[in-house]
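> Structure incoming, see below.
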Amino acid sequence: MSKMDLIEILSGYVMCALWSTNDESDESGGEPLDRNYTVEDIDDGTLAEMRTTCESFLSEHASDIGDRFSQAGHDMWLTRNGHGAGFWDGDWPQEAGDRLSKAAHALGEVDLYVGDDDKIYQR
């Protein structure tokens, strides 16, 4: 695993997390985070947790991921959080997709939220 591989999977993961999470700024759920926030707005500790998650996932599942690092990060976020799309939806070879789905589900769900300091945190 190279540093660039890790950067790509983390980038896909973070971009998907921001895109698929709303800011809860009104009763309808608000705006997707990626409309008003970027990776620079993520709390350092939260970003470190995301990096560790991506690094471990890539290390353990490199043979199934191949060179699709950004897509793996994207699908890892979707799958672990039950978004109705992800590794299992046909974009990956079935056996690899099944293994990656199982591994992503095992991570458990996480949510992002905007703190009082306008930084993004994970719970």
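The values are calculated or read from the model by the stated rules, or taken from the named source; none is laboratory data. The structure presented is a predicted model; accordingly, all values stated were derived computationally and were not measured. Quick reminder, even Gly has a Cβ in these numbers, built from the backbone with ideal geometry, and neighbours come from all protein chains shown.
> Within the stretch 27-38, does at least one residue satisfy the condition of being in contact with an Asp or Glu (Cβ under 8 Å, 6 or more places away or on another chain), of a type in the set (A, V, I, L, M, F, W, C), under 28 Å from D117 (Cβ atoms) and touching a residue at least 60 places away in the same chain (Cβ under 8 Å)?
Scanning the stretch 27-38 turns up at least one residue that is in contact with an Asp or Glu (Cβ under 8 Å, 6 or more places away or on another chain), of a type in the set (A, V, I, L, M, F, W, C), under 28 Å from D117 (Cβ atoms) and touching a residue at least 60 places away in the same chain (Cβ under 8 Å).
> Same structure, new question: Keeping to the stretch 19-48, report how many residues are closer than 16 Å to H74 by Cα, part of a helix (DSSP H, G or I), touching a strand residue (DSSP E or B) at 6+ places or on another chain (Cβ under 7 Å) and not aromatic (F, W, Y). Working first, answer last.
Step one: of the stretch 19-48, the residues closer than 16 Å to H74 by Cα are 19-21, 32-34, 38-39, 47.
From what's left, part of a helix (DSSP H, G or I): 19-20, 33-34, 39, 47.
So of that shortlist, the ones also touching a strand residue (DSSP E or B) at 6+ places or on another chain (Cβ under 7 Å) come out as 19, 33.
This time we only want the ones that are not aromatic (F, W, Y), so: 33.
The total comes to 1.
> So, in the stretch 52-70, of the ones that are surrounded by 14 or more Cβ atoms within 10 Å (Cβ to Cβ) and small (G, A, S), which residue ends up nearest to the chain's Cα centre (by Cα)?
Residues of the stretch 52-70 that are surrounded by 14 or more Cβ atoms within 10 Å (Cβ to Cβ), as a first pass: 53-55, 57-58, 61-62, 64-65, 68-70.
Among the residues that remain, those that are also small (G, A, S) are: 62, 70.
Working: A62: 16, S70: 10 Å.
Per the stated criteria, the residue is S70.
> Moving to a separate point now. Going by what's in this entry, would M15 be described as among the aliphatic types (A, V, I, L, M) and farther than 20 Å from V114 by Cα? Can you show your working first?
Numbers: among the aliphatic types (A, V, I, L, M): yes; farther than 20 Å from V114 by Cα: no.
Judged against the criteria, M15 is not a match.
> Can you pull out the residues in the stretch 90-123 that are assigned to a helix (DSSP H, G or I) and surrounded by 15 or more Cβ atoms within 10 Å (Cβ to Cβ)?
Filtering the stretch 90-123 for residues assigned to a helix (DSSP H, G or I) gives 94-106.
Within the stretch 90-123, A96, G97, R99, L100, S101, A103, A104, H105 qualify.
> Kindly evaluate W88 against the criterion of being more than 12 Å from the chain's Cα centre (by Cα) and at pLDDT below 95.
Details: more than 12 Å from the chain's Cα centre (by Cα): yes; at pLDDT below 95: yes.
Here the answer is yes, as W88 does meet what is asked.
> When the stretch 73-89 is examined, which residues are found to be in a helix (DSSP H, G or I) and closer than 30 Å to D118 by Cβ? Walk me through how you get there before you give the answer.
The initial filter retains those residues of the stretch 73-89 that are in a helix (DSSP H, G or I), namely 73-80, 87-89.
Of everything in the stretch 73-89, those that are in a helix (DSSP H, G or I) and closer than 30 Å to D118 by Cβ turn out to be G73, H74, D75, M76, W77, L78, T79, R80.
> Ok, one more. Hey, can you tell me all the residues within the stretch 10-22 that are in contact (Cβ under 8 Å) with a residue 60 or more places away in the chain and under 20 Å from G84 (Cα atoms)? Break it down stepwise before answering.
From the stretch 10-22, those in contact (Cβ under 8 Å) with a residue 60 or more places away in the chain are 10-13, 16-18, 20-21; that's our starting set.
The answer is G12, Y13, C16, A17, L18, S20, T21.
> Which residue pairs have Cβ atoms under 9 Å apart, sit 6 or more places apart or on different chains, and have a first residue in the stretch 82-105 that is closer than 20 Å to T21 by Cα and a second that is surrounded by fewer than 14 Cβ atoms within 10 Å (Cβ to Cβ) and of a type in the set (D, E, K, R)?
Close Cβ pairs satisfying both conditions: G82/E109; A85/D91; F87/K102.
> Continuing with this model, one more query. Under 8 Å by Cβ, and 6 or more places apart or on different chains, what pairs join a residue from the stretch 50-62 that is part of a helix (DSSP H, G or I) with one that is at pLDDT below 95 and surrounded by 21 or more Cβ atoms within 10 Å (Cβ to Cβ)?
Correct list of pairs: empty, since none qualify.
Okay, residues lined up against (1) surrounded by 15 or more Cβ atoms within 10 Å (Cβ to Cβ); (2) closer than 15 Å to Q122 by Cα:
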| site | (1), (2) |
| --- | --- |
| N22 | yes, yes |
| S28 | no, no |
| M50 | yes, yes |
| A72 | yes, no |
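> N36: crowded, with 17+ Cβ neighbours inside 10 Å and either of a type in the set (S, T, N, Q) or more than 15 Å from the chain's Cα centre (by Cα) (or both), yes or no?
Details: crowded, with 17+ Cβ neighbours inside 10 Å: no; either of a type in the set (S, T, N, Q) or more than 15 Å from the chain's Cα centre (by Cα) (or both): yes.
Here the answer is no, as N36 does not meet what is asked.
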